[in-house]
1. Would you mind listing the strands (runs of 3 or more DSSP E) fully within segment 132-182 where at least 1 residues are of a type in the set (D, E)?
2. Among the residues of segment 358-377, write down those that are farther than 14 Å from V284 by Cα and not in a strand (DSSP E or B).
3. Report every pair of residues separated by at least 6 positions or lying on different chains whose Cβ atoms are under 9 Å apart, first residue within segment 61-89 and more than 30 Å from G596 (Cα to Cα), second exposed (fewer than 15 other Cβ atoms within 10 Å of the Cβ) and among the aromatic types (F, W, Y).
4. Could you list, in sequence order, all residues of segment 121-131 that are within 19 Å of G79 (Cβ to Cβ) and either in a loop (DSSP other than H, G, I, E, B) or in contact (Cβ under 8 Å) with a residue 60 or more places away in the chain (or both)?
5. Need at least 2 residues that are touching a His at 6+ places or on another chain (Cβ under 9 Å) and not assigned by TED's automatic domain parsing to the domain that holds C345 per element, so show me which strands (runs of 3 or more DSSP E) inside segment 229-300 make the cut, counting only ones lying wholly within it.
6. Given the structure, is A125 farther than 26 Å from L209 by Cα and under 32 Å from the mean Cα position of the chain (by Cα)?
7. Got a sec? Which strands (runs of 3 or more DSSP E) wholly within segment 48-120 have at least 2 residues that are basic (K, R), assigned by TED's automatic domain parsing to the domain that holds E643 and surrounded by fewer than 15 Cβ atoms within 10 Å (Cβ to Cβ)?
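The values are calculated or read from the model by the stated rules, or taken from the named source; none is laboratory data. Note that the structure is a prediction, hence the values are computed from the model and not measured. When we count neighbours, we look across all protein chains shown, and the Cβ atoms used for this are built from the backbone with ideal geometry, even at glycine.
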Amino acid sequence: MLSWVWGCADDPKGESTANMGVTTVETTMETADSGNVPTEGGSETGCEGLELAQDGVLDLDVPAVPYVVVKGAVRLNGGALPDADAPRGQIQFDYVTPGGPPGVVAYALEATGAEEYTVVLPAGAATVRYVPDPGLCAASPEGPMPCTGGVIVGGVVLNDSGILDVDIPAVVVGGKVTQNGAAMPDAAGDRGHLEFSRAAGEGVEAVELVATASFEETGLASYQVALFPGTYDVAFAGNAGLCSDGAAPVPCNRGVVLPGLKLMTTGVLDVDVKRVEVKGVVKVNGAAMAAGTADRGALRFDAAGGLAGGGIVTQPFGASGLVEYGLSLVAGAYSVALVANPGQCTGEPAPTPCVGGPVLSSLMLEASGTLDVDIPRIEVSGKVTLKGAALPDQTGDRGALVFGRESGDATSVPLETTGPINYVLSVMPGEYTISYTGNAGLCDGVKAPAMPCSGGPLTTLKLADTGVLDLDVPAVKVSGKLTRNGAALPNQPTDRGSVVFAAESGAAVAVPLGTDALADYALTLLPAKYDVVYQAAGGECMVAPDNLMPCGGGRLLAGVALAMDGVLDLDVKAISITGNVTHAGAALPDLVMSRGGLRWRRADGTGTGLSIDLETEGAKLYEAVIVPGRWIVDHAANPLLCEDGVPEFPCTDQSLLGCN
């Protein structure tokens with residue numbers, strides 16, 4: 001009999017936690033209680049899927065869905081849609097149904113002619129949006145179709161078929177663009193453009209941005225853009241290439257010039273861009289920058305608040321000589337960072353840090369002037385060992401040590417293949433996370449190498465002064481038997497998948513199971529907590545005799561603490577679930593096109609899911625071999641069934657077990 005449990009659980013059963021710190025690690029696999037467990041919560045019951053713990057029968061019913069046919073005219077500002085040279089966007093219905101997941105039905109607007117749309121969607125509440133066409137807006141941002149989208153009709157209840165005319169609102173704004181109150185000067189290249197951006201909110205699901213046409217190299221600068229009514233930030237987006245040799249006549253970066261501008265009606269909007277020119281000398285520890293053997297990096301000016309595109313990099317420092325820079329910027333608040341060249345750290349002290357990061361912050365640049373920048377630098381050096389001993393020679397790459405900062409800047413010390421490693425790095429004072437990056441290719445699952453195949457953080461510390469920092473890479477060797485339901489792994493003609501050790505750091509090492517043999521495994525890992533997950537091979541889910549391993553994978557062990565060498569036997573639990581698939585309690589209807597499929601996935605997000613094709617006709621008796629655990633099953637519908645009116649079989653996705 002099949003054992004299952006409805007309801008939600010923070011720690012799904014069917015998963016065990018083991019601690020490694022002794023010679024042999026014993027693990028157990030919990031199973032759910034048999035029988036039905038009464039729950040409360042109405043439609044929320046079973047939201048986390050169904051606990052499947054043993055072989056059994058699970059019939060699945062695809063419920064009937066009440067559909068409505070909605071049609072109507074599409075207009076722009078109350079008038080006919082204007083013709084265009086590309087598709088004019090989409091009308092999108094975002095629907096919510098009482099018993100299923102939310103979904104989207106879209107109607108594409110062709111390039112020319114009047115539009116009378118027809119869509120089929122589940123009865124319930126819907127929001128109607130306009131979604132612009134990116135190609136049309138790139139070629140014709142001036143409109144008349146708006147190049148940003150938004151809600152046309154919000155929260156409409158569609159319980160019956162009928163007519164719903166929709167009107168797309170648009171505002172067209174344009175005007176001249178000046179610089180510091182005067183005409184924009186000519187430049188040696190494209191002078192940039194304006195960008196209108198709108199943050200998520202006001203019925204907008206994600207950041208929207210539309211760029212005006214280029215101001216080109218010469219002449220008066222002007223623009224025109226068509227937008228969905230709303231609140232926008234207006235930014236000047238400069239051409240970074242103009243500052244490749246120093247300051248340019250116009251700003252070379254992106255900066256907001258009109259924030260939070262409410263644009264609700266068509267009209268004139270002149271835009272003035274404030275330009276500042278900043279220049280200076282770059283020093284290291286208060287002195288002229290010493291010469292090196294490679295490029296010494298560059299400076300990056302970043303607009304405050306992480307403004308997209310607000311950063312610009314100076315000319316490279318080069319390998320030698322006095323370093324001076326010059327930039328033209330949109331006036332505003334900035335931080336200054338070092339863009340390091342990690343390639344200059346090759347065993348000898350470098351003249352500038354090999355790890356970049358912030359140097360100056362909270363700079364308000366509202367007028368042109370001189371800004372000298374001093375980069376602090378210290379030297380860190382030391383030897384690298386493995387478990388307190390010299391690094392052993394390997395036939396493959398031994399990985400690397402990574403010095404990383406919170407800013408995302410980092411440099412690595414390659415450990416190569418043979419010989420001792422003594423490193424020297426130039427860095428800026430600050431906090432660093434030092435991590436080991438393993439070479440997963442060293443682990444074939446059969447023999448454990450000396451070096452860890454997984455990676456992760458070793459230590460986090462503040463580096464304040466020049467000094468010695470020896471670094472030791474820890475390692476644990478773990479090995480054990482591989483079984484399926486307590487017996488030897490069965491040989492089969494198809495790939496048996498893999499067992500994956502996934503660390504909290506995100507590093508993972510897989511043991512491929514191949515098609516035959518492999519009764520034992522061996523790995524070398526960085527000490528850490530690991531989830532052990534069975535990954536099915538994927539592809540078509542075949543059953544016995546072609547395939548005896550699960551087609552649906554999942555977590556075998558959770559949070560296994562690997563602290564010292566030891567034994568960890570791994571058993572891949574496999575159960576077989578079979579059942580009939582019906583529609584509204586009756587036989588599946590025969591169709592001329594696909595009825596979609598059943599999509600299985602683990603509630604905890606681990607392992608591999610599987611799909612079962614419902615084909616086009618006939619009864620459907622399915623069989624799925626899966627790892628025990630909590631599973632969610634959806635009907636992945638065929639949307640083409642919606643094209644000819646109310647369908648005989650659902651054409652939109654539904655949750656059968658669990659919910660979205």
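1. Passing ranges, in order: 166-168.
2. E366, A367, S368, L371 - these are the residues of segment 358-377 that are farther than 14 Å from V284 by Cα and not in a strand (DSSP E or B).
3. Hits for this filter: zero, empty list.
4. Within segment 121-131, just Y130 meets the criteria.
5. 230-237
6. Criteria met by A125.
7. Per the criteria, no element qualifies.
Residues are listed down the side, and each one gets a yes or a no for (1) modelled with pLDDT under 95; (2) over 26 Å from the mean Cα position of the chain (by Cα); (3) not assigned by TED's automatic domain parsing to the domain that holds D495:
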residue	(1), (2), (3)
L523	no, yes, no
K529	no, no, no
V533	no, no, no
E540	yes, yes, no
P545	yes, yes, no
L548	yes, yes, no
A561	no, yes, no
G566	no, yes, no
D569	no, yes, no
